[in-house]
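Peer 1: Have a look at the structure that comes next, please.
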Amino acid sequence: MTLTAAAAKALCRAVLAEASFGDVRVHVGSKQTGDLRFGASRPTTGGDVETLQISVTAQRDGRRATVTGNRTDAASLRALVARAETLAALAPVDPEASGPLGPTKPLRVAARDATVAAMTPQARADLVGEAIEVGKASGLEVSGHVQHRETADAFADRRGLSVFHVATELSMTCTCRTPDGTGSSKGGFISHARGAFSAKALATRVAEAALRSRNPEPIEAGRYTVVLMPDAVAELLDFLVERMDARAAGEGRSFFARAAGGTKIGETLFDPRVTLRSDPSDRGNPSSPLAEDGRPQARTTWIERGIVRTLHASRSYAELAGVPAVPVPNNIHMEGEANDLEALIAKVDRGLLVTRLWYNRMLDPKGIVATGLTRDGTFSIQGGKLGGPVKNLRYNDGPLTLLSRLVALGKPERAGMSTARVWVVPPMVVEGFHFESTSDAI
């Protein structure tokens, strides 16, 4: 099982007690995971793993080194700290080195679900069995992956930092393919809680889409009005969040840089319906209140009614430029509207429904233009009605198009296959989305 708050903090204190440098920082991470893969409509591999990692950073006069270990006895902790301090003395000076955090007050976040923490191999097998039965009943080959984990993280330093967070996560992906290989779809679920999740319902939705996607017709590349499902929206907005960096903007290397110098904070750049915010303490979809360096993740508004409000910044750049040291968010919530999917499709005279995107890569960091492919169900829309399947397309476009050529928004929901951060976003109707070429891949 994962470390309790008391055990994790005791380990941190034991590490710091061995320090001779004034600036020594420690991160203790404990994780318990379980998983089960399935393919060709049968379970394949799975297992349970417990891990512990102790990361010690020593810094003096701008020289810094970090070492990791997993032994908790006194001699091993003493050796770990000694090695960090020895290596730090040999390291080159970092002119942007920041001091220890000291005391902080992160948000109180309830992100542990007892049912997920107690999941067994049998519980995983039951979920997989439900999905496989749905596939067999539909004459489809089913594959996917069930994972669950409980993680605990503690951060401490010699200036008084002492924080702890524990969380659980359950995720499942399911792919259904037709026997002739012409139809495929994939869906996913991810949450901190087991809740009312039904593997049968997930597999049923995916199976229906796979059957509908058989024998796709070719279509010309070009600009289309698209209905993007939440997973596709999250994939594209992820590029935007990563590029909302204060340093890149301040140095003129970003879309968020003003031509005359400075940043575009306070400027209206997007459709007035666009609001992006972070809230680690969201009850339905919580995330860690701690950044990777132990900084608190606060409630933050990034874009408000189309106006840029906040850019994230490292501690070193924040000290250099005199801007807030806001960490990269680990959760994004986007406001939506009351439209269901049918109502969104009805707003499109001629266009495409895109289930998800994959193999996404950045093309132009400054313009935030990416490339990738549609996958697992791309369908035509004609006269406000969902049409037949079309062959996949390669896009060359990005989040700026989504937020500035917005036609309509749906109801926000958790993107089921986005694991880099918590994404709660609506499906979107966007006009003029650019597809560069076609693809025969399913």
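Peer 1: Quick check on this structure: which one of 324, 329, 280 is exposed (fewer than 15 other Cβ atoms within 10 Å of the Cβ) and of a type outside the set (Val, Ile, Thr)?
Peer 2: Of the residues listed, the single one that is exposed (fewer than 15 other Cβ atoms within 10 Å of the Cβ) and of a type outside the set (Val, Ile, Thr) is 324.
Peer 1: Given the options 84, 89, 65, 75, name the one that is assigned to a helix (DSSP H, G or I) and buried (at least 16 other Cβ atoms within 10 Å of the Cβ).
Peer 2: On inspection, the qualifying residue turns out to be 84.
Peer 1: Can you tell me which residue within segment 197-211, out of those that are charged (D, E, K, R) and in contact with a strand residue (DSSP E or B) (Cβ under 9 Å, 6 or more places away or on another chain), is nearest to residue 419 (Cα to Cα)?
Peer 2: 205
Peer 1: Suppose we filter segment 327-350 for residues that are touching a Gly at 6+ places or on another chain (Cβ under 9 Å) and part of a helix (DSSP H, G or I); how many remain?
Peer 2: Of the residues in that region, 5 qualify.
Peer 1: Still on this structure, please answer the following. If you scan segment 400-414, which residues turn out to be surrounded by fewer than 22 Cβ atoms within 10 Å (Cβ to Cβ) and under 21 Å from residue 365 (Cβ atoms)?
Peer 2: Within segment 400-414, 400, 401, 404, 405 qualify.
Peer 1: Going through segment 249-283 one residue at a time, which ones are free of Cβ contacts under 8 Å to residues at least 24 places away in the same chain and within 30 Å of residue 407 (Cβ to Cβ)?
Peer 2: 257, 258, 259
Peer 1: Now, a different point. Restricting to segment 415-442, and then to whatever is of a type outside the set (A, V, I, L, M, F, W, C) and surrounded by 20 or more Cβ atoms within 10 Å (Cβ to Cβ), can you tell me which residue is farthest from residue 347 (Cα to Cα)?
Peer 2: Result: 418.
Peer 1: Now for a separate question. With the structure loaded, tell me whether residue 271 is among the acidic types (Asp, Glu), touching a Ser or Thr at 6+ places or on another chain (Cβ under 9 Å) and surrounded by 22 or more Cβ atoms within 10 Å (Cβ to Cβ) or whether it fails that test.
Peer 2: no
Peer 1: Check 194, 273, 214 and return the single one that is touching a strand residue (DSSP E or B) at 6+ places or on another chain (Cβ under 8 Å), within 24 Å of residue 138 (Cβ to Cβ) and of a type in the set (Lys, Arg).
Peer 2: On inspection, the qualifying residue turns out to be 214.
Peer 1: Considering each residue of segment 291-325, count those that are part of a strand (DSSP E or B) and over 19 Å from the mean Cα position of the chain (by Cα), and give that number.
Peer 2: Number satisfying all stated conditions: 3.
Peer 1: Still on this structure: Which condition number does residue 220 fail, the rest of (1) of a type outside the set (Gly, Ala, Ser); (2) in the same structural domain as residue 359 (by TED's automatic domain parsing); (3) in contact with a strand residue (DSSP E or B) (Cβ under 7 Å, 6 or more places away or on another chain) being met?
Peer 2: Result: residue 220 passes all but (3).
The values are calculated or read from the model by the stated rules, or taken from the named source; none is laboratory data. Values in this document were obtained by computation on a predicted structure and should not be read as measured data. We place every Cβ from the backbone using ideal geometry, glycine too, and count neighbours over all the protein chains shown.
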